[in-house]
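Some notes on the structure that comes next.
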Ligand code: EPZ
């Protein structure tokens, strides 16, 4: 067990390299099951969600060859089962992409319901409806999703809600279905486009990804390919906010500025300077922020996965700021931790009202989930004094080498091993 120790108020200065996108990687890795071939994937982030997905594929019979820290070759010729038990899926919510991938490969899938972050209910009704419209019979029993069809048939699917996961899962099932599938009201996140590009590199026919309407002409067979994952939009946004929070001057490299537009716009509104280059953004701030209102929306709106991070700036912004979380029904749990550091925030359902305070002060806090954990790091970097963050295993899921990346730009942050209570030397007999 480890915790983070941060001594705040160091201005971040220097360069940070962004890694591959977690939410693209956890969709593209299962997609390799759609071909009985070898796929070489590059620019993968070295994070526990990715290694967990490798483990699942290996347990299914695939061969995952680690080429280097960011590159693997996945051979799925030897995969021989469409059944994924709970002990494999419980570690990773994105394991539900295996349903779409296995339906695409076998027209069958029997996958244990996933786990997931602890912010609100995370239903999969839109995934199931998509599979049924493609001709699969889907039942849920003993916490297992059981989907089967003689073969899948293309269909027109109008999504009741914009759903990243359901859009991805339907794409995975549809690429080898017979005929045309049209997904309307589709999610448009960068990782949806990245998955479509990967599938097309395998010989699929996916058009319109990144728009509201995705058209997929089913093909008989897919083949292996070599593919490089896009940079992580949310990792980049997280470091942009960290640079601003400390009144720093940081060049964030290996990004696609277009993917960051809504984050850049919100930082500019707060009075932060953001300069865009071809594959980098430079963030400069004096550590003072104007109040602003944030409403999270599906892409290209402000990303919900940046909501906790942006909220940290608003705790010390000048005036009253309002954050409206429109994607998840309970994503303000982390506010409790910010209040321990002196923030003045009122939460009412999916709305949080921030009264700016002069500063935050360091405190022992915890990471409630992945992005909440990232927000606590930003708060610790900005606060006066020492902050200790527990439950950092959540942060390890989605941010590669974050302690090293932050130390390289001057942050006073390190990991500290926690000795469990009962094991302390000399503890009472
Ligand atoms: C993906 O989750 C991301 N996870 C989340 O990022 C992200 O917050 C979310 O998209 C929104 O961008 C991965 O990509 C692995 P949704 P997902 O389906 O697919 C409702 C992170 O920090 N809904 O777009 O689960 C749902 O309850 C994680 O990297 C249904 O009602 O999100 C939510 O209110 C956290 N029925 C809304 O849609 C369904 O069948 C959007 O969810 C599916 C979703």
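The values are calculated or read from the model by the stated rules, or taken from the named source; none is laboratory data. Not measured: the values here are computed from a predicted model. With ideal geometry, Cβ positions are generated from the backbone for all residues, glycine too; neighbour counts draw on all protein chains shown.
Results, tabulated for the structure shown:
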read-out	value
Exclusive hit being modelled with pLDDT of 95 or more, closer than 26 Å to residue 398 by Cβ and surrounded by fewer than 21 Cβ atoms within 10 Å (Cβ to Cβ), set 126, 98	126
So residue 378, is it in a strand (DSSP E or B) and closer than 28 Å to residue 69 by Cα	no
Breaking point among (1) farther than 24 Å from residue 83 by Cβ; (2) more than 16 Å from the ligand (Cβ to nearest atom), for residue 210	(2)
Considering residues of the range 13-28 that are touching a strand residue (DSSP E or B) at 6+ places or on another chain (Cβ under 7 Å) and buried (at least 24 other Cβ atoms within 10 Å of the Cβ) only, the residue nearest to residue 284 (Cα to Cα)	16
Residue 307 vs. criteria in contact with a strand residue (DSSP E or B) (Cβ under 7 Å, 6 or more places away or on another chain) and away from the ligand (no atom under 14 Å from the Cβ)	no
Number of positions in the range 149-180 that are in contact with a strand residue (DSSP E or B) (Cβ under 8 Å, 6 or more places away or on another chain) and farther than 23 Å from residue 26 by Cα	12
Pick from the range 310-331, criterion surrounded by fewer than 18 Cβ atoms within 10 Å (Cβ to Cβ), within 14 Å of the ligand (Cβ to nearest atom) and free of Cβ contacts under 8 Å to residues at least 60 places away in the same chain, ranking: nearest to residue 293 (Cα to Cα)	324
Members of the range 346-392 that are out of contact with any strand residue (DSSP E or B) (no Cβ under 6 Å at 6 or more places or on another chain), surrounded by fewer than 19 Cβ atoms within 10 Å (Cβ to Cβ) and in contact (Cβ under 8 Å) with a residue 24 or more places away in the chain	358
Residues located in the range 60-77, provided they are outside any loop (DSSP other than H, G, I, E, B) and either at pLDDT below 95 or in contact with a strand residue (DSSP E or B) (Cβ under 8 Å, 6 or more places away or on another chain) (or both)	63, 64, 65, 66, 67, 71, 72, 73, 74, 75
Some residue of the range 223-234 being part of a helix (DSSP H, G or I) and in contact with a strand residue (DSSP E or B) (Cβ under 8 Å, 6 or more places away or on another chain)	no
Test: residue in the range 140-150 that is within 13 Å of the ligand (Cβ to nearest atom), touching a residue at least 24 places away in the same chain (Cβ under 8 Å), surrounded by fewer than 19 Cβ atoms within 10 Å (Cβ to Cβ) and not in a helix (DSSP H, G or I)	yes
Out of 398, 380, sole residue that is closer than 19 Å to residue 12 by Cβ and under 24 Å from the mean Cα position of the chain (by Cα)	380
Qualifying residues in the range 151-175 (those that are assigned to a strand (DSSP E or B) and crowded, with 16+ Cβ neighbours inside 10 Å) - the one nearest to the ligand (Cβ to nearest atom)	157
Every residue from the range 78-98 that is within 19 Å of residue 229 (Cβ to Cβ) and part of a loop (DSSP other than H, G, I, E, B)	92
Residue check for residue 128: closer than 29 Å to residue 47 by Cα, over 17 Å from the mean Cα position of the chain (by Cα) and more than 11 Å from the ligand (Cβ to nearest atom)	no
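Matching residues to (1) within 16 Å of the ligand (Cβ to nearest atom); (2) on the phi > 0 side of the Ramachandran plot; (3) modelled with pLDDT of 95 or more:
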residue	(1), (2), (3)
333	yes, no, yes
360	no, no, yes
366	no, no, yes
372	yes, no, yes
380	no, no, yes
408	no, no, yes
421	no, no, no
